[in-house]
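Notes follow the structure.
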Amino acid sequence: MVHLQKMHDRYAARGLFVYAIAMHDDDEAARRLNREMGITYPVFQGKGSKLGDRFAYG
Amino acid sequence: MKWIRIFTFIAWTPGAAMLASGCAQPDRPSPGQARAQRAAGEVADPVGATLDSFAFSTLDGRPLAWDATTQTLDAPGGGVKPRLLAVHVFQPDCNACQEQARSLQRLHVKGAADSIAVVGITHRGDAAAAREFVRKFGVTYPIAAATGTDWAGRWGRGDPMFLVGNDGKIVYSQEGYQPTDLDIWWAVAADVRDGRVVAFRHPQRSGEKLTTGDVLPAIELPDLMTGRALALRVDDGKLAFVDGDGRSHPCRASIGFFSRY
């Protein structure tokens, strides 16, 4: 996540869109972690979504 | 157009596939794609392969080693030549891995009398996380923290579990976990015990693996942080991110991943 944040910081202005799809059970814990790690790229809420159910893996 | 073509590569991150995508497919691999392919070095289909030897230490510093030549496991309690060796290559903070540990613990406890050995080897997370994993889930089978090793890099993709026969070859592998898997492991163990030939890779059950050239549906989900609607989609043939205020931002490419934190 930290490395992707660096990619976001460096390349967003050049057209690279970095994002995450959160699959965490605890939304508040995920938000807290995002804040603590300084994540500013968009994080979609994917838990319970068809997209997450279909493609999240591992 | 509601689909996003993946044109570069898929990498595997803690518990998640990473997707790099754009609107077009290049004629030949990009330097980044070629580099990713070279760096991967992973075992494409482990069933039938010989699990590489390893020599790690348990979390309390005792040897945990597998000799693929002699099919001997050196673990706390002494060296054994198990009829079946279960190796879970995992990350301590992965939800599926945690659930799987409960079943592996049952396999460890009940399978010992049938010459079944179980070990866990981390490919992500540090020793402290592994210790917490052991404490939290009551794991008593040996665990080694191998994050960052070549072995873990080669065998750890997808948090797999391998069942290794007494000839050192992998007879069964799976990625991901469901509670019914324990029944499958027992069935495989019975087949191995009875001398039946086993070579079985668990079919994909949840989470379709995407690969180069696949298309990913447009992402239209709430923002985790604000709850506002976000989207990544192709508008008029161009990839665009739509923010929480409904503004569209064109992007040349995207990198995303499913995160379990």
**Prompt:** If you check A:H8 against the conditions, is it within 7 Å of another protein chain (Cβ to nearest Cβ) and either in a helix (DSSP H, G or I) or over 20 Å from B:A253 (Cα atoms) (or both)?
**Reply:** no
**Failed criterion for B:V43 (all others in (1) within 22 Å of B:V198 (Cα to Cα); (2) modelled with pLDDT of 95 or more; (3) touching a Phe, Trp or Tyr at 6+ places or on another chain (Cβ under 7 Å) hold)** = (2)
**Message:** Given the criteria polar (S, T, N, Q) and either touching an Asp or Glu at 6+ places or on another chain (Cβ under 9 Å) or surrounded by 22 or more Cβ atoms within 10 Å (Cβ to Cβ) (or both), does B:T147 qualify?
**Reply:** yes
**Message:** I'm trying to understand the selection: among the residues of region A:25-48, which are surrounded by 19 or more Cβ atoms within 10 Å (Cβ to Cβ) and at the interface with chain B (Cβ under 7 Å from one of its Cβ atoms)?
**Reply:** A:A30, A:N34, A:P42, A:V43, A:F44, A:Q45, A:G46
**Item:** Odd one out for B:Y172, checked against (1) away from every other protein chain (no Cβ under 14 Å); (2) modelled with pLDDT under 85
**Value:** (2)
**Prompt:** Given (1) part of a strand (DSSP E or B); (2) under 26 Å from B:S57 (Cβ atoms), where does B:V171 come up short, assuming only one miss?
**Reply:** (2)
**Message:** Quick check on B:R154: is it in contact (Cβ under 8 Å) with a residue 40 or more places away in the chain, out of contact with any strand residue (DSSP E or B) (no Cβ under 9 Å at 6 or more places or on another chain) and not in a strand (DSSP E or B)?
**Reply:** yes
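In region B:228-245, how many are of a type outside the set (A, V, I, L, M), farther than 11 Å from A:P42 by Cβ and in contact with a strand residue (DSSP E or B) (Cβ under 8 Å, 6 or more places away or on another chain)?
Initial filter on region B:228-245 (of a type outside the set (A, V, I, L, M)): B:228, B:233, B:235-238, B:241, B:243-245.
Checking which are farther than 11 Å from A:P42 by Cβ leaves us with B:233, B:235-238, B:245.
Within this subset, residues satisfying the condition of being in contact with a strand residue (DSSP E or B) (Cβ under 8 Å, 6 or more places away or on another chain) are B:233, B:235, B:238.
The number of residues fulfilling the criteria is 3.
The values are calculated or read from the model by the stated rules, or taken from the named source; none is laboratory data. The structure presented is a predicted model; accordingly, all values stated were derived computationally and were not measured. Virtual Cβ from ideal backbone geometry, glycine too; neighbours counted across all protein chains shown.
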